[in-house]
Amino acid sequence: MAGIVLALCGPGLANAEFCDTPPEKVLDSIVRISGENTEGSGVVIAPDRVITAAHVVTAIRVPMVDINGVRRPASVSFINEAKDFALLEVSTGGQYVIPLRSRPMEPSDTVWAVGFPLGGEQVVNQGEFEGVIEDGTLHTTASVDHGQSGGGLIACEDGRHVLAGMTTGFGAISAGGEIIRLDDYSVSLSAMDIRPMLDGSIHQAVAWVDTHEATEVSEPYYEEYLPEAAAAGYADEPYDDEILSRLGSADYYPYLYYEERP
């Protein structure tokens, strides 16, 4: 670690992988999405195209995208609920397009989770890439909360800020009937999964949506996970990374969690 610090701080810095906090042009391209009592986040990924999490828009007839303070109506081009991914068509003007990362992440790479938690102002939370969960999603220590689903996971590649992934959830535990968010556990759909959907090479896996009809969303639904979850405990840290890696997403709800067991 000392060698890394010296390399980053020493004179004549030429580390192509070093980036500072994302600049304003990148942050402005991570946008708020709202409609019908739903709040989420999105990323400008191409001219007039914004990506977000599928669970953000499935219950919205007409998603509204806030771009530089102007709310603009969007339509859902396609949605892949299995990947929790949706592509919106909306006028983005000359908004900067955040490029997709082209190479896999490395453990301990710096990342920034950017979005609009709890319907508030945009936040930028720094963390580290921890690894890939078995379904291909990215696990990081960047803190996220409700409302950040669909937001950007920004990383550094060749000295520039790129989109490493799209935030889809956070880790949580169930204790005493209460869902407790883990501040240092978040998951994102990877750029490697996003790219082919943008390229249109897996349209057969896409479920098209009629945005003129409201979609019914059931009461909070949580999947029951493996008994190993009970072994993690609910009060003592640290949590077992191997057990955390077994978790999956809950339908329509932007977090992961442990099912409390007797």
**OP:** Could I get the Rg over Rh figure for the stretch 131-199? Both from C-alpha atoms, Rh via Kirkwood, rounded to two places.
**Re:** 1.04
Original post:
Taking a quarter of the surface of the convex hull around the Cα atoms of the stretch 40-128, what do you get in nm²?
Top reply: 6.7 nm²
Subject >> Positive dipole terminus of the stretch 83-202, leading residue within SER174, MET105, LEU87 (C-beta point charges) >> reply: LEU87
**OP:** Would you calculate the separation in nanometres between label points at GLU106 and LEU198, each defined as 7 Å from the Cα along the Cα-to-beta-carbon direction?
**Re:** 2.3 nm
**OP:** Provide the gained length on full extension for the span GLU121 to PHE18, in nm with one decimal, where the gain is 0.36 nm per separating residue minus the Cα-Cα distance.
**Re:** 34.4 nm
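Coordinate-derived values only; no laboratory data. Quantities reported herein were computed from a predicted structural model and do not represent experimental measurements. In this analysis, Cβ positions are derived from the backbone assuming ideal geometry, glycine residues included, and neighbour counts consider all displayed protein chains.
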